[in-house]
Amino acid sequence: MFVYCIILIVLLFTSCPAAGKTVSGVFRSDAARENKGQYITRFLYHGENGLVAYRVDNVLLAVQKEARLLLFQGSEGLDNLSCLERLASRLTFSVNLIKEEQNRTIPHQSGPQAWHVMYVDQYTCQDGEMDGALEDLCFQITMMNPDAAGNPLDHFSAEETGLHSFYFLLILAYFVASCIYIQPLWQALSKAGPMHTVLKVLSTALLLQGTSVLLNYIHMARYARDGVGTPLTGSLAELCDVVAQVQMLYLLLSLCVGWSLSRSRKSQSKPLQWDSSPASTALALAVVIAQGALLIWEQLEDVEHHSFHAQRSVPGWLLMALRVALALFLASVLYQIISAERSALKRDFYLSFGKGCFLWFLCHPVLVLFSVILNEHQKEKVVTIGVILCQSISVVVLYRLFLSRSLYWEVSSLSSVTLPLTMSRRSRY
């Protein structure tokens, strides 16, 4: 776990994504020539009076290079075209870089549309050597949507609209819930009952999730003002979320595997404790390592660093496949246990636990599949908000299950070996 944290910190803090709304960097003629245009960023505009503004530090160099920005929609079917044909087919309108600063209004559109920005100059489609063209041109591009009054002052893309308010409401919900439940939870943790370790892991995961939400809100509050935000805060939010995901996976898988292995044991004299089974620990660690590797790979692929986004990369799809496989494994384990269980109380316990686990593992794959039928500007919001809400509900379901004296304490007293993370009182005396 510690190694994953260090690797993720290095990856998140050393990457420099060109994720719009205010983008700074350099225009490079060699990059534009190599790629038939230097791709800068994308932005989803909505309504009227959308704005794109640029600033360059050397307007004389820009004029000498005949530098310009191309703004276009869509990029399909361009692989077999020549350089000039690609640029002509992509062009919706262009902005000649002949001033130090300039604003352009996006044409009216009926619905939210993704606009792409590309840099080209006179050397982009030119054969032969580039004489004196290798000097870079520093720039800053700002892209804004109209606000409620119709003024182009909103830095949020159409796919991000509403997330700032959602994070604020979620923080408010966390605060109210903590004020209500902090005392009974603290009492349960202080008594060191049979599910003490599970409650500590759940509490830590919930604290990490809450910290991630708070950091995301801080980042987006700053982003709403300048279009840049605080990248360090956003990276810390993502780090907290990744650690919470790995921790919850290890907890749930350890419980499931522990139950499965405990039923195959002939000896019922020794109660199971945390990590007491080498087989369950090995399997849980193997899956956790696999998920950690996929998460790191996904961070390398995802230039915009969204914790929950509609999967567009190979590691993202592999992560969803892993979650589906874990849900199927859990279903098979619980089916075998419930089929052989005679106690109605235990069956209710396992069913409630299964609901919480299924919600945690399957919410992301289901929401991503559902987002296929949505418009482009709706996908990101639906997946992000849906996954956060579903996993929060899953944690609440598990909390209620493990804190319920009328249910869990009776279950744990009936058979301590059935619950793999149980701390048996008899082992202390």
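I'd like to check something: does the range 207-214 contain any residue that is part of a helix (DSSP H, G or I), free of Cβ contacts under 8 Å to residues at least 12 places away in the same chain, out of contact with any strand residue (DSSP E or B) (no Cβ under 6 Å at 6 or more places or on another chain) and of a type in the set (A, V, I, L, M)? Checked against the condition, which is being part of a helix (DSSP H, G or I), free of Cβ contacts under 8 Å to residues at least 12 places away in the same chain, out of contact with any strand residue (DSSP E or B) (no Cβ under 6 Å at 6 or more places or on another chain) and of a type in the set (A, V, I, L, M), the range 207-214 yields at least one hit. Would it be correct to say that Phe370 is out of contact with any His (no Cβ under 6 Å at 6 or more places or on another chain) and at pLDDT below 90? For Phe370, the condition - out of contact with any His (no Cβ under 6 Å at 6 or more places or on another chain) and at pLDDT below 90 - is not met.
When Leu398 is tested against (1) surrounded by fewer than 19 Cβ atoms within 10 Å (Cβ to Cβ); (2) farther than 30 Å from Gly111 by Cα, only condition (1) is not met. With the structure loaded, tell me whether Arg42 is open to solvent by less than 60 Å² (accessible area, probe 1.4 Å), at pLDDT below 85 and of a type in the set (Lys, Arg) or whether it fails that test. No. Of the residues making up the range 365-381, those that are among the aliphatic types (A, V, I, L, M), farther than 22 Å from Gly74 by Cβ and open to solvent by less than 90 Å² (accessible area, probe 1.4 Å) are Val366, Leu367, Val368.
Considering Leu351, Leu362, the condition of being surrounded by 15 or more Cβ atoms within 10 Å (Cβ to Cβ), free of Cβ contacts under 8 Å to residues at least 60 places away in the same chain and within 23 Å of Val198 (Cα to Cα) is satisfied by Leu362 alone.
Within the bounds of the range 248-269, is there any residue that is open to solvent by less than 50 Å² (accessible area, probe 1.4 Å), touching a Pro at 6+ places or on another chain (Cβ under 8 Å) and at pLDDT 70 or above? Scanning the range 248-269 turns up at least one residue that is open to solvent by less than 50 Å² (accessible area, probe 1.4 Å), touching a Pro at 6+ places or on another chain (Cβ under 8 Å) and at pLDDT 70 or above.
Restricting the range 45-55 to residues that are more than 14 Å from Val117 (Cβ to Cβ) and crowded, with 18+ Cβ neighbours inside 10 Å, the residue that is nearest to the chain's Cα centre (by Cα) is His46. Thr161 fulfils the conditions (1) closer than 17 Å to Arg42 by Cβ; (2) modelled with pLDDT of 80 or more; (3) assigned to a loop (DSSP other than H, G, I, E, B); (4) out of contact with any helix residue (DSSP H, G or I) (no Cβ under 8 Å at 6 or more places or on another chain) except for a single criterion, (4). Among Gly316, Gly356, which is modelled with pLDDT under 80 and either loosely packed, with under 14 Cβ neighbours inside 10 Å or in a helix (DSSP H, G or I) (or both)? Answer to the check: Gly316.
So which of Gln64, Gln122, Gln109 ends up being part of a loop (DSSP other than H, G, I, E, B), more than 15 Å from Thr142 (Cα to Cα), at pLDDT 85 or above and not hydrophobic (A, V, I, L, M, F, W, C)?
Details: Gln64 fails: part of a loop (DSSP other than H, G, I, E, B); Gln109 fails: at pLDDT 85 or above.
Only one candidate qualifies: Gln122.
The values are calculated or read from the model by the stated rules, or taken from the named source; none is laboratory data. Keep in mind it's a predicted model, so treat the numbers as computed, not measured. Positions of Cβ are generated from backbone atoms using ideal geometry, with glycine treated the same way; all protein chains shown enter the neighbour counts. When the accessible area is computed, the model is the full protein with side chains, heavy atoms only, and any ligands, DNA or RNA have been set aside. Shrake-Rupley method; radii C 1.70, N 1.55, O 1.52, S 1.80 Å.
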